[in-house]
Amino acid sequence: MAERVLVVGSGGREHTLAWKLAQSSQVQQVLVAPGNAGTASCGKISNSEVSVSNHTILAQFCKDHHVGLVVVGPEVPLAAGIVDDLTAAGVPCFGPSAKAAQLEASKSFSKAFMERHGIPTARYGSFTDAQEACNYIRTAEFPALVVKASGLAAGKGVIVARDQDEACQAVMDIMKDRAFGSAGETVVVEELLEGEEVSCLCFSDGSSVSPMPPAQDHKRLQDGDLGPNTGGMGAYCPTPQVHTLLQDIRETVLQKTVDGMKEEGTPYVGVLYAGLMLTKQGPKVLEFNCRFGDPECQVLLPLLQSDLYQVILNTMSGKLASSAPVWQQDSSAVTVVMASAGYPGSYKKGVEITGLSQVQDMGLQVFHAGTALKDGAVVSSGGRVLTVTAVRSSLETALQAANQGVAAVSFPGSVYRHDIGHRAIAHLNKHRGLTYKDSGVDIAAGNKLVDMIKPLAKATSRAGCNAELGGFAGLFDLKAAGFIDPILVSGTDGVGTKLKIAQACSQHGGLGQDLVAMCVNDVLAQGAEPLFFLDYFSCGILDVDVAASVVGGIAKACEMAGCALLGGETAEMPGVYAPGEYDLAGFCVGAVERGALLPRLGDIAEGDMLIGVASSGVHSNGFSLVRKVLEKADLSYGSPAPFGKSGQTVGEVLLTPTKIYSRLLLPILRSGAVKAYAHITGGGLLENIPRVLPQELAVDLDASRWSIPAVFNWLHKEGGLSEEEMARTFNCGLGAVLVVSPLDAQRVLRQLQAQEEAWIVGSLAHKQPGAEPVVVRNLKHSLLSAGPASSAELVVEQNGNTPHKRTRVAVLISGTGTNLQALIEQAKRPSSSAEIVVVISNRPGVQGLKRASLAGIQTRVVDHKLYGSRAEFDGTIDRVLEEFGVELVCLAGFMRILTGTFVKKWNGKLLNIHPSLLPSFKGVNAQKQALQAGVRVAGCTVHFVAEEVDAGAIIVQEAVPVMVGDTEESLCDRIREAEHRAFPAALELVASGAVRLGEDGHITWKS
């Protein structure tokens, strides 16, 4: 059974832990306490308000909410004994005990421990008297210039002094002026070591260690390691400088430390972090931490291939030796911290942050730290605000990608570095000679790609061609393919800026079908059978997995089209394309017997019928305009699609592959019944159909005759696109148009409809002088009647032309949401004053959530079973409402009683519907009560919600007669029909301002 996991903490490290744990199939939900804006509501992840400082309350919460594992992020709870207390209460908790955590919590203990066990570290002295510490600084035979507060000081208790005077002043600041409070009651004075700092972490099960890839933090605020020290401005992983020292570090530092702790009766279980200095004498320990570092965690976990939840279980059960975690090879991760203006000093909070969805569309990960939600927006709440993490095939490209992500995020005064990993890049450039790979061309990767796609190409073999890759050119035998007097037909194309969407969504496989379809469908226009296909894939840096996905899609599509993948070219061109970008082109050759060539211009006549074959959506044309409309609508590719199937994202709908028509149409084309075939590609309906017609004929299309996918409706409305722009840019639901005689029309239509959606969509007429070659009737009406209405639509008042914003509405449900559907239909009307912005359910997976998704409305689940009290549950609902800027709330079959606090806050903004004519028959089983009372009239009531159940001011009522022989079920059905009229009417009255709740609790009507 899937577990519920609780992560303790609120920073970027904790967001990263929650993000990685949520990827486990063994984890049902990840709660983060207290969390931040990034963990507030993200898939499996949500925040919890449970107290983490009171371990007794926390343990009870975990038991009540079936939390199977607690993972502790920061050091303070570990030092306070959270692991000891939760474990004693029977709640599994990952991290070291309080005694083991002394390795970080007490630098005095840590230095003495290392001295006892021969672990290499700087020479030092530990002092409780300031004067003794200063004497040590002035008399030591080495530069004793590093002064540390022994206790926990939030990563800020270390001063690296420039001289002895400054070191003594640091001692006085810490011990006399108590700069770090009780953490500075003991100070440690250390030798100043010279070298490069690295972070070496490992999992420890108390006996064995399993090292993580080495990482490097960047403490200074500014580029070039200038400016004040911070909690860390970025990190990268792995660090090539440490490669040859890893085994030595494992044995002399990590394993030795774990062995020493075990020997002293304090087994160390959890994550052990060794901060090392790479000196000329070898690695020496600067400090130990008893948890993941921040921001090191943000580069380590993205490189972990194993299931983190399972790794933690293995660590806690002593199985590391037999089940070591697996890490990505040949990849680098870089994270860049964005901090508030003024950090590490004083800084402003509440600054709005924008551009976050754009970063995710770039294939990067944003981990929140000092962020919060305010009025539906993400704002800053700390010094280090967030980190942007990139994982790429090299350190240089990872840094470039992370910097591009940071540039896309915006908040005033943001501070960040541009040179994370500069030492490693310098090290790599210094220690290796140039190769062709250094210039950006990886021959080995290219060869690996060819090996991967050879069997895919082989599977496309057909008569006339065996599709063997590897030669200088490909061969095709027309005679073996059965041709007698053939004419060769060729076509070439690409997939346009649909590429940009695929690259942003990291969904590459469907592009292969797009490429093949665009070429094959063009060749079909001459009546030709597609014979073979060649592809061209160009990029800046070859990502073998991406290229294999694309070419695999091409091979699959060639099988669908019946043509052979005869060869291709992969061009790696460093500097021509940005990281992650590539381009595609395809080339198809077909053949047709001379007498079967299309179009048959001499046979096409006035009165011929036009048959349209359905497209799958936008296909592969017009995507520059699509992307512009998305930008205008402020929608990301990961947003729920306001068009398409329920649960699909915008990116998934737009990446629906182009249909390939060859196997469907070839038998019909060969029958001779088709006089011409037009592929509806770039230029849409207006420009493609005339390409296959005599100049004296015009096209008369009726858009009411075919089904237009909802995506075109949305583009038309959201982009404000004219009918002409739609018809000239997009296929509007028709991927192909056939010209047939009236006598053949029904027979051809039946043949098509056996496998595909098709319609008679128009006819040909004589073209009058000066007339348009194509007329599309009823296009605007058909576009408006397809799919959901735009959420950004303005309402025009009946008494004038001044538009006003709709009232932002939330609907709370628990089940099927039949009343929800009626409210959605009302809000879709152009004249409506309401806009439903979110639907919230207290139960997951209910039908009402699907209804909302189909209508393009965002949904949230706030499961009441996960909350310890009604107040906590209502508080979460309230935060979601604030997140979406909700102004009015409708309860549509919401089966929870709201607290008085919630009802008071939303007084006059909370509507409910009840299945009786209130004040009669309050509470449950209202229809049963009505039948038992023998009343002749029942009905429904929409009212404002008051603290007393079903007692609020009445807005709308509708009577329903009780019929002779009525049962509870039959009466319920008729009342439900009345509800579907009454609730939308009441919503409209309140949303428009016509009705409001007065201060005296009675209805007030707008004059």
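Annotations
- Residues of segment 339-360 that turn out to be more than 20 Å from Val32 (Cβ to Cβ) and open to solvent by less than 30 Å² (accessible area, probe 1.4 Å), as a count: 6
- Within segment 959-990, considering residues that are of a type in the set (D, E, K, R) and surrounded by 19 or more Cβ atoms within 10 Å (Cβ to Cβ), the one nearest to Lys1006 (Cα to Cα): Glu988
- Within this structure, Leu566 passes the test of being in contact (Cβ under 8 Å) with a residue 40 or more places away in the chain and assigned to a strand (DSSP E or B).
Residue-wise test of (1) touching a strand residue (DSSP E or B) at 6+ places or on another chain (Cβ under 7 Å); (2) not in a loop (DSSP other than H, G, I, E, B).
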| residue | (1), (2) |
| --- | --- |
| Val337 | yes, yes |
| Tyr343 | yes, no |
| Lys349 | yes, no |
| Val359 | yes, yes |
| Gly363 | no, no |
| Val366 | yes, yes |
| Ala372 | yes, yes |
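- The residue of segment 293-308 that is nearest to Leu192 (Cα to Cα), among those that are open to solvent by 10 Å² or more (accessible area, probe 1.4 Å) and not hydroxyl-bearing (Ser, Thr, Tyr), is Asp294.
- For Phe587, the criteria (1) modelled with pLDDT under 90; (2) of a type in the set (Phe, Trp, Tyr); (3) over 19 Å from Ala502 (Cα atoms) hold in every case but one, which is (1).
- Candidate set from segment 695-720 (those that are open to solvent by 20 Å² or more (accessible area, probe 1.4 Å) and in a loop (DSSP other than H, G, I, E, B)); member that is nearest to Thr656 (Cα to Cα): Pro709
Every residue, every condition in (1) open to solvent by less than 10 Å² (accessible area, probe 1.4 Å); (2) within 27 Å of Lys280 (Cβ to Cβ); (3) not assigned by the TED database to the domain that holds Met261, yes or no:
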| residue | (1), (2), (3) |
| --- | --- |
| Leu69 | yes, no, yes |
| Pro120 | no, yes, yes |
| Glu132 | no, no, no |
| Arg138 | no, yes, no |
| Phe142 | no, yes, no |
| Val160 | no, yes, no |
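- When Thr244 is tested against (1) of a type in the set (Ser, Thr, Tyr); (2) at pLDDT 95 or above; (3) open to solvent by 10 Å² or more (accessible area, probe 1.4 Å); (4) not in a strand (DSSP E or B), only condition (2) is not met.
- Flag if Met316 is open to solvent by 40 Å² or more (accessible area, probe 1.4 Å), touching a strand residue (DSSP E or B) at 6+ places or on another chain (Cβ under 7 Å), at negative phi and not assigned by the TED database to the domain that holds Gly12: yes
Rundown of residues vs (1) assigned to a strand (DSSP E or B); (2) over 38 Å from the mean Cα position of the chain (by Cα); (3) of a type outside the set (A, V, I, L, M), yes/no style:
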| position | (1), (2), (3) |
| --- | --- |
| Tyr273 | yes, no, yes |
| Leu278 | yes, yes, no |
| Leu286 | yes, yes, no |
| Arg291 | no, no, yes |
| Asp294 | no, no, yes |
| Leu301 | no, no, no |
| Tyr309 | no, no, yes |
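Yes or no, residue by residue, for (1) part of a helix (DSSP H, G or I); (2) within 20 Å of Gly735 (Cα to Cα); (3) outside the structural domain of Phe712 (by the TED database):
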| residue | (1), (2), (3) |
| --- | --- |
| Lys628 | yes, no, yes |
| Glu631 | yes, no, yes |
| Leu635 | no, no, yes |
| Thr656 | no, yes, no |
| Ile668 | yes, yes, no |
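- Filtering segment 899-924 to residues that are part of a loop (DSSP other than H, G, I, E, B), surrounded by fewer than 14 Cβ atoms within 10 Å (Cβ to Cβ) and at pLDDT 90 or above leaves only Pro919.
- Matching residues in segment 469-493 - criterion: being surrounded by fewer than 18 Cβ atoms within 10 Å (Cβ to Cβ) and within 40 Å of the chain's Cα centre (by Cα): Leu469, Gly470, Thr492
- Taken across segment 709-724, residues that are in contact with a Lys or Arg (Cβ under 6 Å, 6 or more places away or on another chain) and under 19 Å from Val692 (Cα atoms) do not occur at all.
- Out of Ser97, Ser25, one residue alone is at pLDDT 95 or above and part of a loop (DSSP other than H, G, I, E, B). It is Ser97.
- Residues of segment 221-241 that turn out to be touching a residue at least 24 places away in the same chain (Cβ under 8 Å) and either assigned to a loop (DSSP other than H, G, I, E, B) or within 22 Å of Ala153 (Cα to Cα) (or both), as a count: 13
- Residue that is most open to solvent (accessible area, probe 1.4 Å), among those in segment 199-220 that are at pLDDT 95 or above, over 26 Å from Asp330 (Cβ atoms) and in a strand (DSSP E or B): Asp205
- Residues of segment 722-740 satisfying the condition of being open to solvent by less than 20 Å² (accessible area, probe 1.4 Å) and not aromatic (Phe, Trp, Tyr): Met726, Ala727, Asn731, Cys732, Gly733, Leu734, Gly735, Ala736, Val737, Leu738, Val739, Val740
- Residue match in segment 836-845 (condition: over 20 Å from Arg4 (Cβ atoms), open to solvent by 20 Å² or more (accessible area, probe 1.4 Å) and touching a strand residue (DSSP E or B) at 6+ places or on another chain (Cβ under 7 Å)): no
- Taking the criterion of being open to solvent by 30 Å² or more (accessible area, probe 1.4 Å) and within 19 Å of Val880 (Cα to Cα), the only residue of segment 803-833 that qualifies is Arg808.
- Of the residues making up segment 367-399, just one is open to solvent by 30 Å² or more (accessible area, probe 1.4 Å), polar (S, T, N, Q) and farther than 26 Å from Ile541 by Cα, namely Ser381.
- The listed residues are Gly260, Gly265, Gly275, and the only one of them that is in contact with a His (Cβ under 6 Å, 6 or more places away or on another chain), surrounded by fewer than 21 Cβ atoms within 10 Å (Cβ to Cβ) and outside the structural domain of Val72 (by the TED database) turns out to be Gly260.
- Residue identified as buried (at least 23 other Cβ atoms within 10 Å of the Cβ) and of a type outside the set (Asp, Glu) among Gly43, Gly35: Gly35
- All of Ala678, Ala745 fail the test of being aliphatic (A, V, I, L, M), surrounded by 20 or more Cβ atoms within 10 Å (Cβ to Cβ) and either over 29 Å from the mean Cα position of the chain (by Cα) or over 22 Å from Asn521 (Cβ atoms) (or both), apart from Ala678.
- For segment 854-875, filtering for residues that are touching a residue at least 40 places away in the same chain (Cβ under 8 Å), under 27 Å from Leu635 (Cβ atoms) and open to solvent by less than 30 Å² (accessible area, probe 1.4 Å) leaves 3.
- Test result for Leu664, open to solvent by 40 Å² or more (accessible area, probe 1.4 Å) and at pLDDT 90 or above: no
The values are calculated or read from the model by the stated rules, or taken from the named source; none is laboratory data. Quick caveat, the model's predicted, so the values are computed rather than measured. Every residue, glycine as well, gets a Cβ built from its backbone with ideal geometry; the counts of neighbours run over all protein chains shown. Each accessible area value is taken on the protein alone, full model and side chains, heavy atoms only, with ligands, DNA and RNA left out. Shrake-Rupley method; radii C 1.70, N 1.55, O 1.52, S 1.80 Å.
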